[in-house]
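Have a look at the structure below, then the notes.
The values are calculated or read from the model by the stated rules, or taken from the named source; none is laboratory data. Keep in mind that what you see is a predicted model, and the values were worked out from it rather than measured. Cβ: placed from backbone, ideal geometry, glycine included. Neighbour counts: every protein chain shown.
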Amino acid sequence: MKVSPRKLGLAAAALTLICIPLVAQERRLPAPPPTTPAAEVHRPSAVPDRVILTWQGDPARTQAVTWRTGVRVQMPIGQIAEAEAGPLFTRRARMRVGTSTPLVSDLGTAYYHTLQFDGLQPATQYVYRVGDGANWSEWFQFRTASEGPEPFSFIYFGDAQNDLKSLWSRIVREAYSEAPRARFIIHAGDLVNRANRDEEWGEWFQAGGWVNGMVPSVPTPGNHEYEGGTSLTRRISRHWRPQFALPENGPPGLEETTYAFDYQGVRIISLNSNERQKEQTAWLESQLSNNPNRWTVLTFHHPVYSAAKGRENTGIRREWEPVIRKHRVDLVLQGHDHTYARSNLRVGVNRRDPKGGTVYVVSVSGPKMYNLERETWMARAAEDTQLYQIVSVEGDRLRYEARTALGDVYDAFDLEKRPGRTNRLIERVPEDVPERLRQPAVQVSPAAPAAPPATPNPPATPNRPGEQAR
């Protein structure tokens, strides 16, 4: 059927008349509403929030839980039972009473409650909830450790620090999606940016969500968990001890920031690289000398080998690396440099030691990125890449994978125990995945006009307003 040009013109005109009001309407969109105040977003109530599992005692027979409420909650209690396939476990739930600590933050006062479930059976699944008898959390589940060596995996995050709710949350969720049976999560410092900002801690807990109530956390403090300008005035965040119930087996005065525990054949040691490093050397020596476990993993914030020049931590290297080398620590997990760098087996100064060998890792899980400067010790490196790591231990083999925010494997290796000899390192780097490094700036001849580079090589991400120095 033919349509006359006149009718086509009339139809086009009608469509134009319809579209004009729509465009005008789009241009008259109202201004966005005001941002909800942080004090309102993060206001505590009688209902438990910021629920998180940690350990103070033996992971095979105890489990600590901490949560937050408003100040009217005076009797913190928890209920626990062995898990069942159906809901009847609630009839057999036992009640435990916790302790409370008031915390005055920049947003107001809240109560943090801690309860340790003890007398648990090894290798057993439990369900628990916390509250005040009327206002309860949901029922969470966790599994106690086995008494002896058994295969397991854990997750390791480098610095989270910034944009926790908006940009770090996807890393937590991707890691949990990839390793839902991980037994704990190591956080290698700089969990937040400003040590005593309750809003940032609130976002950190929001990003982890219910995962924190299911998978225990193993946090080590970074420099951003400290506030104060000098060694005499610097203090760890007021939030640290109220919200994390951690082992108190470290040197006096460093309890719950320097600690150790054993998990199914692995000794996990957290050091506090921010202060009193020399005092921790003898303690570290004792933890490594009396270690019946097949594997040893250390975590602390400031790296022994930095991923950028001018950021070397020579005091830490001088104090701790000889002890690490002497006792053949297998894996050291660090943060601080906001890039990714992983070594081969390092034997330190005494390169003739046939039984030495440690793999050092620096990683970042949050969105704040710095420049990387390639060094000879690096076997694999990356810039501008949010990563999480999954470490699995089974018998004489430790398997390591670093994955991107998309879940893709970026770096991987195995460590194989060989009695009386150094570990064997087996590289498993994906062959089709090149290193993610910034392109160098284009070098321009002095005689030629200075054209902008096609891909700039920016400096370290500048601090945001109110952000501490790195």
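From the list 72, 50, 61, 43, the one residue that fits, being modelled with pLDDT of 80 or more and on the phi > 0 side of the Ramachandran plot, is 50. Within region 262-281, if we keep just the residues that are aliphatic (A, V, I, L, M) and touching a helix residue (DSSP H, G or I) at 6+ places or on another chain (Cβ under 9 Å), the residue that is surrounded by the fewest Cβ atoms within 10 Å (Cβ to Cβ) turns out to be 269.
What strands (runs of 3 or more DSSP E) completely inside region 192-278 contain at least 2 residues that are of a type in the set (A, V, I, L, M) and closer than 22 Å to residue 155 by Cβ?
Working: elements: 217-219, 259-263, 266-270.
It comes to 266-270.
Going by what's in this entry, would residue 390 be described as exposed (fewer than 15 other Cβ atoms within 10 Å of the Cβ) and modelled with pLDDT of 95 or more? The answer is no for residue 390. Give region 119-177 a look and list any residue that's closer than 24 Å to residue 88 by Cβ, of a type in the set (S, T, N, Q) and part of a loop (DSSP other than H, G, I, E, B), or say none. Within region 119-177, 121, 124, 135, 137, 144 meet the criteria. May I ask you to verify whether residue 349 is modelled with pLDDT under 95 and not in a strand (DSSP E or B)? When the stated conditions are applied, residue 349 passes them.
Taking strands (runs of 3 or more DSSP E) that do not extend beyond region 69-110, which have at least 2 residues that are touching a helix residue (DSSP H, G or I) at 6+ places or on another chain (Cβ under 6 Å) and in contact (Cβ under 8 Å) with a residue 12 or more places away in the chain?
Values: elements: 77-82, 94-97, 99-105.
Strands (runs of 3 or more DSSP E) meeting the threshold: 99-105.
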